[in-house]
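The values are calculated or read from the model by the stated rules, or taken from the named source; none is laboratory data. On a predicted model such as this, the values are computed, not experimentally measured, just so you know. All Cβ positions, even for glycine, are placed from backbone atoms using ideal geometry, and neighbour counts span all protein chains on display. Accessible surface is based on the protein model in full, side chains and every heavy atom, while ligands, DNA and RNA are left aside. Shrake-Rupley method; radii C 1.70, N 1.55, O 1.52, S 1.80 Å.
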Amino acid sequence: MHVHSSFSGDCTTPILGKFCRECYSDPGDVFDRLKLRGMNLFTLTDHDSVEGAESLRRHPHFFLSEELTCRMPSGTEVHIGVYDFHERQHGQLLARRNDIVALLMYLTERQLFFSINHVFSSLTGRRELEDFAWFQEYFPAVETRNGQMLESVNLQAASLASQWDKIGIGGSDAHALPSVGTTYTEVPGARDKDEFFAGLRNGRGRVAGESGSFLKLTRDVLLVAAEMMRDKYWTALLSPLAVLIPGVTFLNYHEDRAFSRRWAARVLTQPAAPKRPRRIAVPRPAPQAALGEWV
């Protein structure tokens, strides 16, 4: 439910984005690795793209997905997983990704399954308390196990999903082949895609596999760096900087752990909301208020 290929675009890190991709994995290699891991349903969730799916559509158990980079009303950025839609809907999703009200209307009207990904991670930058109100009221699913997030961060996401009575999903968030399929979502007894999503919506899904670790992330970043140098030979001049990668991944996890603790302390200590909340308990402009009539 969360895996990337070479079509996920350029790295979002400043400067590196000028010459390094998020991922260099060929979609066909990702598919083969998932099969080896024992998966019997397949998807890609590239950033704001479905191009990687072109070569995989011939497989009967493949479905179209993507990870949308979206702007919240507070101005913060989030990643939203959207699953099992038609290619013609991709353009509609992109057109709405910076207008969360319009996006949620569209997703709900089309009955598309979607999730908030790595909810307690600093990966996409700052959060506001208002963001969590949107997640609680309008998002059906929360990513509760991400294969690149620390176990403690995933446990806090799982606690949030349980407190809010949300569907929990898991995925590897793999940007390098060794991590592909090491974290996943399963629905016991589901025989096809329709039964899988029906099972998720009915609470029969479960997450399984690994959380992230310092060694795992460091390995994957080194592999991405190696692929970058193979893709653009001149970047081999940067190879001495590879010794800094372990320090960078250590600092990344240190920041993520602090971010997660801070927000979990604020959000998980709040009283549980009703099962069917009517309104978000934050001020909203008039166009946002209209969303309540659609959900």
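Values as computed for the structure displayed
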read-out	value
0 to 90° range, to nearest 10: angle between helix 100-109 axis and the chain longest Cα axis	80
Antiparallel DSSP beta bridges within the chain, as percent of all bridges there, nearest 5	60
For the range 127-283, size of Cβ-based charge dipole, Lys and Arg +1, Asp and Glu -1, in debye	420
Listed peptides 218-225, 149-156 by packing density, highest first (mean Cβ within 10 Å)	149-156, 218-225
Residue-averaged [θ]222 nm for the chain, counting only DSSP H segments that reach four residues, each worth -39500 (n - 2.57)	-11500 deg cm²/dmol
Fraction of antiparallel bridges per DSSP, the range 1-111 only, in percent to nearest 5	80
Three-way shape call for the chain based on the alpha-carbon gyration tensor, with the a/c threshold at 1.5	prolate
Top of R126, R21, R257 by mean-square fluctuation, Gaussian network on the chain, Cα under 10 Å	R126
Cysteines in the chain lacking a second Cys C-beta under 4.7 Å	C23, C70
Extension reserve of the D231-N202 stretch, reckoned as 0.36 nm per residue once the Cα distance is removed	6.0 nm
Gap separating the Cα centres of the range 205-266 and the range 59-136, nearest whole Å	24
Cα-based shape type of the range 1-132, given that a ≥ b ≥ c are square roots of the gyration tensor eigenvalues and the cut on a/c is 1.5	oblate
Full-stretch length increase - R71, D32 - with 0.36 nm per residue and alpha-carbon distance subtracted	10.7 nm
Average accessible surface area per residue within the chain, 1.4 Å rolling probe, Å²	49
Top positive-direction residue, dipole computed over the chain with Cβ charges, set T76, S152, F62	S152
Sequence ranges 64-70, 203-209, ranked by mean other-Cβ count within 10 angstrom, highest first	64-70, 203-209
Test item: Cα-centred dipole of the chain, Lys/Arg +1 and Asp/Glu -1 on Cβ, debye	680
Partner lysines for K232 [C-alpha distance under 22 Å; skip if fewer than 8 residues away on the same chain]	K18
Column: log10 I(q)/I(0), Debye, Cα scatterers of the range 141-206, q = 0.17, 0.19, 0.27 Å⁻¹	-0.62, -0.75, -1.11
Amide H partners (placed H, <5 Å) of S65, local residues excluded	L44, D84
In Å², nearest 10: area of Y253 left accessible to a 1.4 Å probe	10
Most to least accessible of W164, W234, W134 (protein chains only, probe 1.4 Å)	W234, W164, W134
Spatially proximal lysines relative to K166 (Cα-Cα < 17 Å; intrachain offsets below 8 disregarded)	K275
